[in-house]
Amino acid sequence: MTTVRTLLRWAAYALVAPVLALGPIASRLRVPRRMLGIFIAPRDNLAVRATVHSVLATAVGLVTWFLAFLAAVAAVRGTVYPLIAADDLEHSWGGPTLAGAWAVHALLGIGLLPAWGLLLAGLGVVQVRLTRRLLGRDGPWWPLPVSLLLTVAGVLLFISWLHQI
């Protein structure tokens, strides 16, 4: 149970991080300590680093919010599938009957929520490591390129999602 609670905290931090990235540096360092118990010792001379952190953390945060939106859409759409697409069941997963299509969409929409939660928790880890690298005295190097890759991948995912609507 504590593992689930811990993962939910990391996912919550991932959703809060873009708002923190636009706020004061003290908040960016205080919230990980209060939410996750992670202390980040502040670095001296943070002007440029704080700006880079704001840009990267906001970009990764937008990807996080988009993925949370997709998870919510999948869960709601799977649950109320007969109200959304009851007319085209021939080519639907679980079709051609309404019961089969509804069962498959509901199982996928709700069944994948733990995977979405793990993904959001992973993005929370990236956010904390990014904060530790840019604003703290120590931290690994990998959050910078990972943040850039996540931003590019998120933009491409968003564009492809727009084209399929």
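Consider only pairs whose beta carbons are under 6 Å apart and that are at least six residues apart or on different chains; among these, list those whose first residue lies in segment 52-67 and is closer than 10 Å to L130 by Cβ and touching a residue at least 24 places away in the same chain (Cβ under 8 Å) and whose second residue is open to solvent by less than 30 Å² (accessible area, probe 1.4 Å) and hydroxyl-bearing (S, T, Y).
Filtered contacts from segment 52-67: L56/S147; V60/S147.
Do the conditions hold for R77, that is, is it open to solvent by 30 Å² or more (accessible area, probe 1.4 Å) and touching a Lys or Arg at 6+ places or on another chain (Cβ under 7 Å)?
On the way: open to solvent by 30 Å² or more (accessible area, probe 1.4 Å): yes; touching a Lys or Arg at 6+ places or on another chain (Cβ under 7 Å): no.
In short, no.
Please determine, by comparing only the residues of segment 19-28 that are open to solvent by less than 50 Å² (accessible area, probe 1.4 Å) and either of a type in the set (A, V, I, L, M) or in contact with a strand residue (DSSP E or B) (Cβ under 8 Å, 6 or more places away or on another chain) (or both), which one is nearest to V55 (Cα to Cα). Write out each step before concluding.
Applying the first criterion (open to solvent by less than 50 Å² (accessible area, probe 1.4 Å)) to segment 19-28 yields 20-21, 23, 27-28.
Filter again for either of a type in the set (A, V, I, L, M) or in contact with a strand residue (DSSP E or B) (Cβ under 8 Å, 6 or more places away or on another chain) (or both), leaving 20-21.
Numbers: L20: 11, A21: 8 Å.
The selected residue is A21.
Okay, residues lined up against (1) hydrophobic (A, V, I, L, M, F, W, C); (2) closer than 23 Å to A71 by Cβ; (3) modelled with pLDDT of 90 or more:
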residue	(1), (2), (3)
A14	yes, yes, yes
L20	yes, yes, yes
G23	no, no, no
R30	no, no, yes
R33	no, no, yes
G37	no, no, no
N45	no, no, no
V52	yes, no, yes
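Looking only at segment 29-63, filter to residues that are outside any helix (DSSP H, G or I) and touching a strand residue (DSSP E or B) at 6+ places or on another chain (Cβ under 8 Å); which one of those is surrounded by the most Cβ atoms within 10 Å (Cβ to Cβ)?
Within segment 29-63, the first condition is being outside any helix (DSSP H, G or I), and the residues that meet it are 37-46.
Then drop every residue that is not touching a strand residue (DSSP E or B) at 6+ places or on another chain (Cβ under 8 Å), which leaves 40-43.
Working: I40: 20, A41: 10, P42: 12, R43: 18.
Among those that are outside any helix (DSSP H, G or I) and touching a strand residue (DSSP E or B) at 6+ places or on another chain (Cβ under 8 Å), it is I40.
If the requirement is being farther than 30 Å from F39 by Cβ and in contact with a Pro (Cβ under 7 Å, 6 or more places away or on another chain), which of these qualifies: L98, L107, L62, L130?
Working: L107 fails: in contact with a Pro (Cβ under 7 Å, 6 or more places away or on another chain); L62 fails: farther than 30 Å from F39 by Cβ; L130 fails: farther than 30 Å from F39 by Cβ.
From the options L98, L107, L62, L130, the qualifying one is L98.
For segment 153-163, name all the residues that are exposed (fewer than 12 other Cβ atoms within 10 Å of the Cβ) and in contact (Cβ under 8 Å) with a residue 40 or more places away in the chain.
A153
Give segment 1-18 a look and list any residue that's in contact (Cβ under 8 Å) with a residue 12 or more places away in the chain and open to solvent by 80 Å² or more (accessible area, probe 1.4 Å), or say none.
Once the filter is applied, which keeps residues that are in contact (Cβ under 8 Å) with a residue 12 or more places away in the chain and open to solvent by 80 Å² or more (accessible area, probe 1.4 Å), segment 1-18 yields L8, R9.
What's the total number of residues in segment 109-152 that are part of a helix (DSSP H, G or I) and open to solvent by 70 Å² or more (accessible area, probe 1.4 Å)?
Within segment 109-152, the subset part of a helix (DSSP H, G or I) is 109-111, 113-135, 143-152.
If we keep only those that are open to solvent by 70 Å² or more (accessible area, probe 1.4 Å) too, we end up with 110, 113-114, 118-119, 133, 148-149, 152.
Number of matching residues: 9.
Checking H105 against (1) touching a Phe, Trp or Tyr at 6+ places or on another chain (Cβ under 7 Å); (2) modelled with pLDDT of 95 or more; (3) not small (G, A, S), which single condition isn't satisfied?
Condition (2) is where H105 drops out.
The values are calculated or read from the model by the stated rules, or taken from the named source; none is laboratory data. Quick caveat: nothing in here was measured; it's all calculated off a predicted structure. Note: ideal-geometry Cβ built from the backbone for every residue, glycine included; neighbour counts use all protein chains shown. These accessible areas exclude ligands, DNA and RNA; they are computed on the full protein's heavy atoms, side chains included. Shrake-Rupley method; radii C 1.70, N 1.55, O 1.52, S 1.80 Å.
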